[in-house]
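Structure record follows, encoded as structure tokens.
What follows is calculated from the coordinates using simple rules that are stated; it is not laboratory data. Quick caveat, the model's predicted, so the values are computed rather than measured. Cβ atoms come from the backbone with ideal geometry, glycine included; neighbour counts cover every protein chain shown.
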Amino acid sequence: MVYAFVMIDVATGMPDAVCESVRGVEDVVEAHVIAGDFDVVVELEGENPHDVLSTVTASVRSLEGVGTTRTYVCID
């Protein structure tokens, strides 16, 4: 199993809505609104790195209000 964290920058006033939407995406373990350079942090899991990156590309980045994303794949 592969785990990754995705940092999401969202449109103004959209952090709560994006966080709720992303919680409904398959393979999302957790999602939280955060303070800092990004607005939402998401933990994902998948069978391999390609699965995780496919989820980000197809299911997370396509959500309304999602701007820039940064994906960090866990190596331990």
Segment 1-22 residues near the modelled D51 label - backbone nitrogen below 19 Å, point 7 Å along Cα→Cβ: 1-6
Kindly provide the pair-distance distribution of the chain built from C-alpha pairs, with 10 Å bins from 0 and whole-percent values in order of increasing distance. 22, 58, 19, 1
HN-Hα J in Hz across segment 4-14 - Karplus 6.51, -1.76, 1.60, θ = phi - 60°, x for Gly and Pro: 8, 10, 10, 9, 10, 9, 10, 5, 3, x, 10
Would you compute, from DSSP H runs of 4+ residues alone, the mean residue ellipticity of the chain at 222 nm, taking -39500 (n - 2.57) per run and dividing by the full residue count, rounded to the nearest 500? -5500 deg cm²/dmol
What are the principal axis extents of the Cα atoms in segment 26-66, in Å, biggest first? 30, 18, 16
